[in-house]
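In what follows, a single structure is set out as structure tokens and then discussed.
Throughout, read-outs are computed from the coordinates displayed, never taken from laboratory work. Just so it is clear, the structure is predicted and the values come from calculations on it, not from any experiment. Glycine gets a Cβ as well: all are built from the backbone with ideal geometry, and neighbour counts include every protein chain shown.
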Amino acid sequence: MKNVRTNGQRKRVFIRTYGCQMNVYDSDRMADVLRPLGYALSEDPEHADLVVLNTCHIREKASEKVYSELGRLRDLKIERRRAGGDLAIAVAGCVAQAEGEEIIRRQPAVDIVVGPQAYHRLPELLARVARKADERLFDGRRRPGAGVLDTEFPAESKFDHLPAPSEADVRAGSAFLSIQEGCDKFCTFCVVPYTRGAEYSRPATAVLQEARALAAAGAVEITLLGQNVNAYHGEGVDGSAWTLARLIRALAEIDGLVRLRYTTSHPRDMDDDLIAAHGCVPQLMPYLHLPVQSGSDRILEAMNRGHDRDHFRRLVDRLRAVSPDLALSSDFIVGFPGESDADFDDTMRLVDEIGFASAYTFKYSRRPGTPGAALGDQLSDGAKTARLGALQSLLGDQQRAFNESKVGTVVPVLFAEAGRKPGQVLGKSPWLQSVYVEGDADMIGSIVNVRLLAAYALSLSGEVVSKQPFGVAA
Ligand code: 5AD
Ligand code: SF4
């Protein structure tokens, strides 16, 4: 029988995911690794035998959240032990990688610390925890050395040790597929090169195999993931290094996959082939997340981004020449050390010139160990807040204008979940806009043509035109 302990009891794991889509993918894969050990997913830590926090280190706030959550889990563990049971606590992801042993020191109730490149070894780590169980004291405190740690960047790739994906990895017709990891660009604000390690691209054969398995498990949409996904250079089926564009063209041939997306990209890696793919691969959705971070040449240089504002502008012109309705999204950081009013004005001007369909905006967060943290002229939180507000207001207007430009058109929507109000379902347009309609839960997981009726700041509402699966806009 599936998901059953040898003594007949089910084991349950609760996985909480912080941060980016890469972590969502990793959490799903951890569930895949744990399933053969008898672990079923639980929606609630209260009912779990094992809790995994899959953490994010990108900004200070994200990291600090982990410790407050660990405090709550420690209390739960103490309660359990008093009642004669137990709770295993694992910290995975980028905080695990960055802080390692420090986590066990700050919170001794933690049993496992496992980095993003080592989680395929979770079964072994759980076995080590079980062997060490007798070393632990009753109240959740422990003798030094009782927690187990694996934050190596192993020579073997975790991808070669993960089980094939299944229905559990497809959510309402959509799935993530990690094709590239790590980063060698060393932007001066960013921890990723330290937490995720050097850039690595999976071989195309492995990616295609996983994509076929996802399609067979019901995926109609795949989002290719990587910290620098457009730097993809995996070994191709023919033995040569394939670009992302070459991989996308091969994926577009898989039956049933009607939507392809990729994230997140770097402006330096948008090659001619990839730009062309936006014009000629119908499965490639008209949406591109292309972080620019700043519109000031001086700040772009200080960030070590390796390009200037003009490079970004030219790229956008070329993309729009082949795909005029492309929805462009980006990331911005305000208040990088030394950012002057004039630098910030340059960012506002760039945003004004380009026109974005959506964006993520962040206050610069000083991350220990990055070159940016050592720079003088760190800005006050007040200055960052003011700039963030101005930028968000401009980008918010642009997002609403983009949403309004689609009102009255009929678009294919992939329905993902029930809406907030009863009788409502929520899906995504090709431009990744959230679209609400009145409809049944049986639409979830399928693509339905919708006439868009009204636009709001962050979403649109519409009505179902036809339930023709995989339909295209009328
Ligand atoms: N402070 C603020 N934002 C950051 N990002 C990365 N590092 C930092 C930092 N130290 C943002 C960037 C990146 C996104 C994933 O997070 O905009 O593109
Ligand atoms: Fe971080 Fe820059 Fe690498 Fe992106 S390109 S992951 S921002 S170092």
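Please give the calculated 222 nm ellipticity per residue for the chain, where each DSSP H segment of at least 4 residues contributes -39500 (n - 2.57) and the sum is spread over every residue; nearest 500 deg cm²/dmol? Don't skip to the answer; put the middle values down first.
Working: 13 runs with 154 residues, N = 474.
Mean residue ellipticity, 222 nm, calculated: -10000 deg cm²/dmol.
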Inverse of <1/r> over all distinct C-alpha pairs of the stretch 391-442, i.e. the Kirkwood Rh in Å, gives 12.2 Å
Rank by packing, highest mean first: peptides 26-38, 224-236, with packing defined as the count of other Cβ atoms within 10 Å averaged across residues. 224-236, 26-38
Counting alpha carbon pairs within less than 8 Å and at least 6 residues apart, what relative contact order, in whole percent, applies to the chain? 9 percent
Express the Stokes-Einstein translational diffusion coefficient of the stretch 233-351 in µm² s⁻¹, to the nearest whole number, given a Kirkwood radius over alpha-carbon pairs, 10 °C and a viscosity of 1.306 mPa s. 101 µm²/s
For the stretch 311-413, the charge dipole (Cβ of Lys, Arg +1; Cβ of Asp, Glu -1; about the Cα centre) points to a positive end, and the Cα of 350, 386, 362 closest to that extreme belongs to 362
Over 20 Å apart: what share of the alpha carbon pairs of the stretch 151-232 falls there, rounded to a whole percent? 39 percent
In Å and from the alpha-carbon atoms only, list the Rg and Dmax of the stretch 43-102. 12.3, 38
So, for the Cα atoms of the stretch 144-291, Rg and Dmax in Å stand at 16.1, 59
Sort the stretch 337-409 into rounded, prolate or oblate with this rule: let a ≥ b ≥ c be the square roots of the eigenvalues of the Cα gyration tensor; rounded if a/c is under 1.5, and if a/c is not under 1.5, prolate when a/b is larger than b/c, oblate otherwise. prolate
Under 21 Å from residue 11, Cα to Cα: lysines that are on another chain or at least 8 residues apart: 2, 77, 132
Taking the C-alpha atoms of the stretch 369-413, how large are the radius of gyration and the largest Cα-Cα span, Dmax, in Å? 18.3, 52
In debye, nearest 20, what is the charge dipole magnitude of the stretch 81-234 about its Cα centre with +1 on Lys and Arg Cβ and -1 on Asp and Glu Cβ, if you could check? 540 debye
State log₁₀ I(q)/I(0) for the stretch 360-474 at q = 0.09, 0.21, 0.22, 0.23 Å⁻¹ as given by the Debye formula over alpha-carbon point scatterers of equal weight, solvent excluded. -0.38, -1.02, -1.10, -1.17
Three-way shape label, the stretch 1-92, alpha-carbon gyration tensor, a/c 1.5: oblate
Over all directions, the chain yields a Cα convex hull whose mean projected area in nm² is 23.6 nm²
Which entries of 61/406; 384/406; 185/363; 61/158 have Cα-Cα distances beyond 30 Å here? 61/406; 384/406
With +1 at each Lys and Arg Cβ and -1 at each Asp and Glu Cβ, the charge dipole magnitude of the chain around its Cα centre, to the nearest 20 debye, comes out at 1420 debye
Any chance you could list the semi-axes, whole Å, largest first, of the equivalent ellipsoid that the Cα gyration tensor gives for the stretch 148-190, using √(5λ)? 26, 18, 10
Point-charge dipole on Cβ atoms (K/R +1, D/E -1) for the stretch 314-431, about Cα centre, debye to 20: 560 debye
Tell me which lysines have Cα within less than 18 Å of residue 467's Cα, excluding those fewer than 8 residues away on the same chain? 428
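Decide, for the stretch 326-365, between rounded, prolate and oblate: order the square roots of the alpha carbon gyration tensor eigenvalues as a ≥ b ≥ c, take rounded if a/c falls under 1.5, and otherwise choose prolate if a/b is larger than b/c, else oblate.
In terms of gyration-tensor shape, oblate.
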